[in-house]
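The values are calculated or read from the model by the stated rules, or taken from the named source; none is laboratory data. All figures in this text were calculated on a predicted structure; none of them were measured in a lab. Virtual Cβ from ideal backbone geometry, glycine too; neighbours counted across all protein chains shown. Surface areas here come from the heavy atoms of the whole protein model, side chains and all, with no ligands, DNA or RNA. Shrake-Rupley method; radii C 1.70, N 1.55, O 1.52, S 1.80 Å.
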Amino acid sequence: MAERESMPYDVVIVGAGPAGLAAAIRLKQLADEAGRELSVCILEKGSEVGAHILSGAVVDPKALDELLPNWKELDSPLTVPVTRNEHWVLSEKGKYSFPHILMPPFMNNKGTYTLSLGNLCRWLAGQAEALGVEIFPGFAAAEVLFNEDGSVKGVATGDMGVARDGTHKGDYQPGMELHGKYTFFAEGVRGHLTKELKRIFELDRDSQPQVYGIGLKELWDIDPEKHQPGRVIHTQGWPLDDAWGGGFLYHQTNGQVALGFVVALSYRNPYLSPFEEFQRWKQHPAIRDFLEGGKRVSYGARAINEGGWQSVPTLAFPGGALIGCSAGFVNVPRIKGSHTAMKSGMLAAEAAFAAIAADRAGDTLEDYEANLRNSWIAAELKKVRNVEPLVAKYGGTFGTIFAGADMWMRQLRIGLPFTMKHHADHETLWRKDMVAPIAYPKPDGVISFDRLSSVFLSNTNHEEDQPIHLTLRNADIPVEVNLELYAGPEARYCPAGVYEFVEEAGRTRLQINAQNCVHCKTCDIKDPTQNINWVVPEGGGGPNYPNM
């Protein structure tokens, strides 16, 4: 094995999303204020900052106001304020507009903006680099490094130029080690290094299991006469029956709408396909009306943390910390998590800077944990902590009513006197003999589409001659267990057509089309036997979202 080179930094950050970038900016601000040098680097597995970022998004600028109070003067992408906010309850052909006055005040979108979160991250990266942060796109953190005392030492990037059979190709280059006094993990939802850290340090020992949704999104250029910048629409109800979730449609800049559909991964019917539910939702008359005469220009998918406050794990451990969606700070009913992610990065930065200024390194940042649990992040998430489990337990109709009542009571400083629990998403599937198959309509190629043509619009690309990054702990389980008991759910829950069961020489086997993977992590979450383990491919691989 070739010897790896190493580079020392004060703080190493894994992931150039909102949390990682906010942390880096705050670290350099504090260093400048104190008149001292501080080296900070960010590793980003996407080909560029923003390439792997996907969100609605409607952004609350609360954390940005704290981080960069003059952001409006810095040519930021927050240019379309939300001007009209609607919530529709859909039936198969009709809709009911839910009066916004019936929602608690903290649920309104006053003062928020709708935009591409990827473009926000690109802009934040520019602010970070102007302060001296080193950002390395196209380099995937593949391994956590440890000191002899067990504390985190840093991370190593993956080797480049490794063939599928594990041999070294002519362009082989060993990975690089990046050592930090502290390492922040801002990998996003279901980060593969975060999974290992949770196991090693038992970070989720005192929290509820994290639960997730799968969010699918498209960008459309629509008829200019239909475009109303700042109009925000959320839906619930149809087409979901034995599952819960909903859709969104945001009128953004440049005559585009961002629309998408979220399905909670606690669903029970293994025949359900989140992708097909999204395509069916677009055919609702109220949604189709916006899209007719338009053109789809982009597609993508990403898992979403939905566990809320009770699923937040221990955040700090010797030498490192979890920030952003690696920890899980999404406010589910508000459908927002960028502001909480940024704030968590800022709090971690402040704790790390104070520690480094006191000549500490490699210890546990206790102040980060304590300060976050006493911050407005905690106050915001505690108010809505029972929303997801109430809807998961009682369904979309009654669960929404109970959740709304609980939020109103918390607005009045009462609310349920207990915190509800979660069940891990991989435990919820029913056997195929207990449910009916779902017949989905064929795509029309105008409003609804198939998965492969959709993946094409995600600009997904992986070097084909490399080890498959969707690994199986046991190669027999997909056929002998998943197909036999659950009708092969991986062929349906994947939004990119990665998994398919094929007949070969009279036998059925699972074929993994890893080059299609959009890095959503759904397989790692929903696989009923937890046999699939997602690891990073070569850096730069995956989707290349332009402005998602």
Practice task
At 7 Å along the Cα-to-beta-carbon direction for both Val481 and Glu225, put a label point, then send me their distance in nm to one decimal.
Solution key: 5.7 nm
Practice task
Give a residue-ordered list of calculated ³J(HN,Hα) values for region 228-240 (Karplus: 6.51 cos²θ - 1.76 cosθ + 1.60, θ = phi - 60°; whole Hz; x for Gly, Pro).
Solution key: 10, x, x, 7, 10, 10, 10, 10, 9, x, 3, x, 6
Problem - Surface accessible to a 1.4 Å probe, Thr253 within the full protein complex, Å² - result: 70 Å²
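Could you tell me which of rounded, prolate or oblate describes region 410-482, using a ≥ b ≥ c as the square roots of the eigenvalues of the alpha-carbon gyration tensor, with rounded for a/c under 1.5 and, failing that, prolate when a/b is larger than b/c and oblate otherwise? It would help to have the intermediate numbers written out before the result.
On the way: a/c = 1.70, a/b = 1.46, b/c = 1.17.
Here region 410-482 falls in the prolate category.
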Exercise for the section: Just check region 436-548 against the gyration tensor rule for me: Cα atoms, a ≥ b ≥ c as the square roots of the eigenvalues, rounded for a/c under 1.5, and otherwise prolate or oblate depending on whether a/b exceeds b/c. Expected result: oblate
Practice task
Could you please state, rounded to a whole Å, how far the C-alpha centre of region 182-196 is from the C-alpha centre of region 47-72?
Solution key: 19 Å
Practice task
List every residue whose amide H lies under 5 Å from the amide H of Gly161, counting only residues 5 or more places away in sequence or on a different chain, with H placed 1.01 Å from N in the peptide plane.
Solution key: Gln173
Fill in the blank from the handout: Expected field for Ile200, accessible surface area in Å² at 1.4 Å probe radius, rounded to 10, holds 80 Å²
Problem - Pairwise label distance in nanometres, Ser91 with Lys110, each label 7 Å out on the Cα-Cβ vector - result: 3.4 nm
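Using the crude model of +1 on Lys and Arg Cβ and -1 on Asp and Glu Cβ, and no other charge, please compute the dipole size for region 331-490 relative to its Cα centre, in debye to 20. Spell out each step's value before the answer.
Values: 17 positive and 21 negative charges, 235 e Å.
Computed about the Cα centre, the dipole is about 1120 debye.
Would you mind classifying region 268-382 by shape? Square roots of the alpha carbon gyration tensor eigenvalues, ordered a ≥ b ≥ c; an a/c under 1.5 is rounded, otherwise it is prolate if a/b is larger than b/c and oblate if not.
It comes out prolate by the Cα gyration axes.
For region 328-413, how big is Rg over Rh, using alpha carbon atoms and the Kirkwood form of Rh?
Values: Rg = 16.8 Å, Rh = 14.7 Å.
When Rh is taken as the Kirkwood radius, the ratio is 1.15.
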Fill in the blank from the handout: HN-Hα couplings for region 159-175 via Karplus (6.51, -1.76, 1.60; θ = phi - 60°), in whole Hz with x for Gly/Pro, come out as 5, 10, x, 9, 6, 4, 7, x, 7, 8, 7, x, 9, 4, 9, x, x
Problem - Separation of the Phe501 and Tyr394 label points, Cα + 7 Å toward Cβ, nm - result: 3.8 nm
Completion exercise
For Ala439, placing the label point 7 angstrom along Cα-to-beta-carbon and taking region 84-125, residues whose amide nitrogen sits under 19 Å are 92-93
Fill in the blank from the handout: Per-residue accessible area, 1.4 Å probe, largest first, puts Arg385, Arg373, Arg205 in the order Arg205, Arg373, Arg385
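Out of the DSSP beta bridges found with both residues in the chain, what percent are antiparallel (nearest 5)? Could you put the intermediate results ahead of the total?
Details: 60 of 86 bridges.
Rounded to the nearest five, the antiparallel share is 70 percent.
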Fill in the blank from the handout: Treating only Lys and Arg (+1) and Asp and Glu (-1) as charged, each at its beta carbon, one finds that region 8-96 has a dipole about its Cα centre, in Debye to the nearest 20, of 380 debye
Fill in the blank from the handout: Across all Cα atoms of region 32-75, Rg and the largest Cα-Cα distance (Dmax), in Å, are 14.7, 39
Fill in the blank from the handout: Taking placed amide H atoms and a strict 5 Å upper bound, the residues 5 or more places from Gly188 or on another chain that come that close are Cys325, Ser326
Exercise for the section: Could you order His284, His423, His179 so the one with the most accessible surface comes first? Probe is 1.4 Å. Expected result: His423, His179, His284
Practice task
Tabulate in residue order the Karplus-calculated ³J(HN,Hα) for region 385-393, using 6.51 cos²θ - 1.76 cosθ + 1.60 with θ = phi - 60°, rounded to whole Hz; enter x for Gly and Pro.
Solution key: 5, 9, 5, 4, x, 5, 5, 4, 7
Practice task
Kindly report, to the nearest 10 Å², the accessible surface of Ser207 as traced by a 1.4 Å probe over protein heavy atoms only.
Solution key: 20 Å²
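About the Cα centre of region 244-334, how large is the charge dipole given +1 on each Lys and Arg Cβ and -1 on each Asp and Glu Cβ? Please answer in debye to the nearest 20.
Numbers: 8 positive and 5 negative charges, 22 e Å.
Approximately 100 debye in magnitude.
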Exercise for the section: Set Lys and Arg Cβ to +1 and Asp and Glu Cβ to -1, take the dipole of the chain about its Cα centre, and tell me which of Leu90, Leu120, Ser454 lies farthest positive. Expected result: Leu90
Exercise for the section: Could you list the residues of region 169-198 with an amide nitrogen less than 13 Å from a label point located 7 Å from the Cα of Ser6 in the Cα-to-C-beta direction? Expected result: 176-181
Completion exercise
Accessible-area order for Glu225, Glu33, Glu129, largest to smallest, probe 1.4 angstrom, reads Glu225, Glu33, Glu129
Practice task
Quick one: which residues, 5 or more positions from Leu265 or on another chain, have an amide H under 5 Å from its amide H? H modelled 1.01 Å from N in the peptide plane, none for Pro or chain starts.
Solution key: Tyr212, Gly213, Ile214
Fill in the blank from the handout: Of the candidates Phe136, Gln210, Leu193, the farthest towards the positive dipole end of region 69-214 (Lys/Arg Cβ +1, Asp/Glu Cβ -1, centred on the Cα centre) is Gln210
Exercise for the section: Report, in deg cm²/dmol and to the nearest 500, the calculated mean residue ellipticity at 222 nm for the chain, where each DSSP H run with n ≥ 4 adds -39500 (n - 2.57) and the sum is divided by the residue count. Expected result: -7500 deg cm²/dmol
